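The values are calculated or read from the model by the stated rules, or taken from the named source; none is laboratory data. Small disclaimer: the values here were computed from a predicted structure and weren't measured. Reconstructed Cβ throughout: ideal geometry from the backbone, glycine too, with neighbour counts over all protein chains shown. Note: areas computed on protein heavy atoms with side chains; ligands, DNA, RNA excluded. Shrake-Rupley method; radii C 1.70, N 1.55, O 1.52, S 1.80 Å.
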Amino acid sequence: MAYAMHGGIQYEYIDAMRAARGADVTDMAPPASLVLTLPENKRVLVRVGDRVLRGQVIAEADGILLHAPEAGFVSEAMDAIRIECDGTDETAATVVKTNKRLQDCTREEIIEKLRVCGVADSDGVAMADRVEGADGASVLIAECVDDIAASSSPASIVNGMKILMFALGVRQGVVVCGDDIIDAAKKLSEVCAKSKLIKVATVRAKYPQADKKRLAYAVTGRRASNEFVVSAQTCAAVYDAFVTGMPQTRRIVSVTKGKISKNIRAAIGTGFAELLKFAGIEVDDGDVIIEGGLLCGRRVSPGDAVGKTTRSLVVLRSDDVYERRGADVCIRCGRCVSACPEKLLPNYIVSYIRDGKEHAALSRGALDCDGCGVCSYVCPGGVPIADIITGFAKNHAREVGSEAQNERDKG
Amino acid sequence: MNAIKADGAPFIKSPETVRAMMADVVTAMIPAAVWAVWRFGAKALLLMALSVSTSVLCEGVFEYIAKKRVTVGDLSAVVTGMFIAFGLPVEAPWYVPVFASVFAIIIVKCAFGGLGANVFNPALAGVVFVRLCFRSRLPYSSALTALAVGKLPEYSVYDAAVGLTDGAIGEVSAMLLTVGGLYLIARSVIDWRVPVLFVGTVAALSVLFPQNAAYILYELFSGSLFLGAVFMATDPTTTPVTGVGRCVFAVGAGALTYVMRRFGGDLDGVAYAILAMNMLSGTIDRIAAPRQVRSGTGTEAGK
Ligand code: SF4
Ligand code: SF4
């Protein structure tokens with residue numbers, strides 16, 4: 001059954017990514033040195049000169065353990081940890097297989113395993129915390145729409161779901177695939193055939209769909225149901241952590257430029273420049289590298305590296321980069337309204353903001369905008385809608401002050 | 001929740017422009033325009049040329065004098081000009097399209113702030129304006145005039161649908177206007193529900209409360225119902241922006257058309273019905289806003 005999602009657009013540029021989405025994944029050997037970027041909130045557990053083994057804990061970042069993806073020597077341990085790989089395959093003694101069957105495990109054991117293995121979801125939140133904090137979830141949704149892991153490891157995905165469902169006490173699981181990866185969806189269905197609890201659903205592959213709330217809404221038809229959404233790749237990582245005890249040290253990343261698109265399994269810490277080179281993609285002057293989606297990702301530089309949440313990298317040719325188109329005038333065509341996945345009225349919000357009617361803009365949900373940029377993309381008037389709304393939201397947040405902001409963030 | 005992204009999405013270039021949209025509208029008008037020339041002769045072409053050139057000129061001159069960016073390149077003035085000509089009978093003297101265009105562009109469009117800010121459909125307002133000013137110079141006859149005096153027209157319903165009738169030059173062929181509409185729907189320029197609901201509402205009311213059953217099909221295919229439903233009620237600027245709002249607009253315009261035709265002083269009613277609904281567009285938007293996906297996290301959003 002195909003579910004329709006509100007909003008979003010289907011566009012041409014992404015064809016190559018589509019084609020690659022269900023395609024094979026190539027393994028990339030770790031490069032000579034790996035860079036693990038650390039957030040501000042961190043605890044570094046190694047020193048320059050230390051020898052680390054594959055799977056050894058080297059830091060704690062935002063409450064998630066970070067492990068050495070490969071064995072080697074630490075050559076930098078400040079804002080980032082750099083490891084010069086020595087090419088040996090030595091694995092830390094902490095990496096141990098689980099011999100127990102799932103049924104014999106307790107919820108706590110599973111959570112502990114996830115914590116020790118530093119499994120993060122696609123937003124960079126610790127899976128251990130999410131499972132621990134999940135209250136009364138009734139359905140587990142594995143998102144396979146934007147995720148390229150579908151075809152490479154269907155069994156791991158489904159098994160990872162089983163583990164999570166067990167830990168969560170959830171009796172229903174849905175793998176949601178885009179209708180553009182029919183082959184992968186078939187493979188998943190075959191794997192699921194044996195399970196009564198997990199089924200596969202397809203949604204129309206529109207951009208942007210990986211937003212949890214919207215995805216759940218499209219599948220369950222309920223606005224705030226108790227769903228627990230994870231990406232397919234995270235499910236696979238959960239499975240690996242549980243069975244092999246191997247921490248999360250690899251990511252499958254789709255790498256695209258123009259018509260070339262490849263899926264690559266790379267070690268966390270692999271520099272983007274090396275990743276792109278491996279994919280046979282050249283970055284010319286003026287090209288822009290985007291991580292995380294053509295419209296809504298963020299700009300990165302070739303010096304950045306694969307992290308636990310990296311899933312796609314797009315190199316936009318300088319000619320293809322969005323530019324404001326002269327006019328900047330709203331003709332009220334309503335395209336932004338039908339495209340907005342948050343079901344906002346972007347054109348009205350913009351006109352309120354421009355007229356200084358702050359209250360009206362807020363009551364129209366200006367802060368619900370997640371900056372996906374679809375509106376700006378479809379706007380024939382060339383209004384930089386997303387820029388204006390996100391800019392307003394940022395200003396507003398600043399004005400409201402940190403205290404109130406903290407309250408909001410919790411919500 | 002990382003609600004705010006730092007460096008401006010979207011990243012990929014967009015092909016959408018107002019000019020492309022308006023070019024599609026012009027393309028969609030070609031069948032009806034060719035039909036007008038074939039049926040009414042070169043004079044029809046002259047009317048179109050006059051109103052298009054006056055519209056474009058007015059917009060350019062106004063913006064130049066007002067020291068604004070000159071936007072004639074977006075083709076919206078061309079569209080307005082064409083619509084004005086479409087709404088005139090072939091007998092219209094040369095100054096009528098000129099007056100209508102000046103009024104439409106200067107008063108109705110530019111004085112309200114230009115493209116996107118006008119409340120009323122400029123072309124419709126322009127046509128209504130000259131109809132009021134130069135009534136005696138603008139003879140009008142269509143199936144509706146015959147029906148108004150209780151006679152059936154001399155031609156068949158088929159002729160009325162195809163356009164082998166009289167009326168304003170652009171309105172006669174419901175069939176070719178529909179072709180244009182299908183093109184616009186295929187190009188995602190207009191929302192298919194609008195023309196369907198507009199015509200559908202008039203049809204439904206005519207069937208439910210018929211004046212004379214034999215009249216119904218004539219009534220549907222004559223006058224500017226199809227022109228209005230396909231091209232005027234789908235004007236982006238002067239209609240609601242939400243899907244539901246547009247449906248409300250279309251049904252409202254259809255109902256008003258029926259009422260005016262039946263009880264009002266205007267034979268056709270379509271132009272007045274749309275202009276009346278134009279005034280309500282903003283209100284409809286306010287009421288028919290879609291429910292937001294998030295339940296108003298962090299906002300004062302009431303509903
Ligand atoms: S950027 Fe905001 S307003 Fe625009 S489509 Fe996305 S969520 Fe809607
Ligand atoms: S897409 Fe652009 S022109 Fe159309 S209504 Fe939205 S802001 Fe206005």
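Looking only at the stretch A:339-363, which residues are more than 19 Å from B:L115 (Cβ to Cβ), more than 25 Å from the chain's Cα centre (by Cα) and within 10 Å of ligand 1 (Cβ to nearest atom)? Outline the logic, then answer.
The initial filter retains those residues of the stretch A:339-363 that are more than 19 Å from B:L115 (Cβ to Cβ), namely A:339-345, A:349, A:352-353, A:356-363.
Right, trim to more than 25 Å from the chain's Cα centre (by Cα) and you get A:345, A:349, A:352-353, A:356-363.
Scanning the stretch A:339-363 gives A:L345, A:I349.
Given (1) within 14 Å of chain A (Cβ to nearest Cβ); (2) open to solvent by less than 40 Å² (accessible area, probe 1.4 Å); (3) over 30 Å from A:K394 (Cα atoms); (4) in contact (Cβ under 8 Å) with a residue 40 or more places away in the chain, where does B:G116 come up short, assuming only one miss?
(3)
Report yes if A:A142 is closer than 12 Å to A:I64 by Cα, under 20 Å from the mean Cα position of the chain (by Cα) and open to solvent by less than 10 Å² (accessible area, probe 1.4 Å), otherwise no.
No.
Going by the structure shown, is A:D285 open to solvent by 30 Å² or more (accessible area, probe 1.4 Å) and either facing chain B (nearest Cβ under 8 Å) or away from ligand 1 (no atom under 16 Å from the Cβ) (or both)?
Values: open to solvent by 30 Å² or more (accessible area, probe 1.4 Å): yes; either facing chain B (nearest Cβ under 8 Å) or away from ligand 1 (no atom under 16 Å from the Cβ) (or both): yes.
Considered against the rule, which asks whether it is open to solvent by 30 Å² or more (accessible area, probe 1.4 Å) and either facing chain B (nearest Cβ under 8 Å) or away from ligand 1 (no atom under 16 Å from the Cβ) (or both), A:D285 comes out as yes.
State all residues of the stretch B:218-266 that are among the small types (G, A, S) and buried (at least 21 other Cβ atoms within 10 Å of the Cβ); if no residue qualifies, say none.
Within the stretch B:218-266, the subset among the small types (G, A, S) is B:222-224, B:228-229, B:233, B:243, B:245, B:250, B:252-255, B:264-265.
Answer for the stretch B:218-266, where residues must be among the small types (G, A, S) and buried (at least 21 other Cβ atoms within 10 Å of the Cβ): B:S222, B:G223, B:S224, B:G228, B:A229, B:A233, B:G245, B:A250, B:A253, B:G254.
Being closer than 30 Å to A:D319 by Cβ, open to solvent by 10 Å² or more (accessible area, probe 1.4 Å) and within 14 Å of chain A (Cβ to nearest Cβ) narrows it down to one of B:E63, B:E16, so name that one.
Details: B:E63 fails: closer than 30 Å to A:D319 by Cβ.
Going through B:E63, B:E16 in turn, the sole match is B:E16.
Per-residue answers, yes or no, for (1) more than 10 Å from chain B (Cβ to nearest Cβ); (2) in contact (Cβ under 8 Å) with a residue 24 or more places away in the chain; (3) away from ligand 2 (no atom under 16 Å from the Cβ); (4) surrounded by fewer than 22 Cβ atoms within 10 Å (Cβ to Cβ):
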{"position": "A:S301", "(1), (2), (3), (4)": "yes, yes, yes, yes"}
{"position": "A:A305", "(1), (2), (3), (4)": "yes, yes, yes, no"}
{"position": "A:V315", "(1), (2), (3), (4)": "yes, yes, yes, no"}
{"position": "A:C336", "(1), (2), (3), (4)": "no, yes, no, no"}
{"position": "A:R398", "(1), (2), (3), (4)": "yes, no, yes, yes"}
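Just to be sure before I move on: is B:A92 within 16 Å of ligand 2 (Cβ to nearest atom), part of a loop (DSSP other than H, G, I, E, B) and either more than 24 Å from A:G382 (Cα to Cα) or open to solvent by less than 50 Å² (accessible area, probe 1.4 Å) (or both) in the structure I sent? Can you show your working first?
Details: within 16 Å of ligand 2 (Cβ to nearest atom): no; part of a loop (DSSP other than H, G, I, E, B): yes; either more than 24 Å from A:G382 (Cα to Cα) or open to solvent by less than 50 Å² (accessible area, probe 1.4 Å) (or both): yes.
No; evaluated as a whole, the condition is false for this residue.
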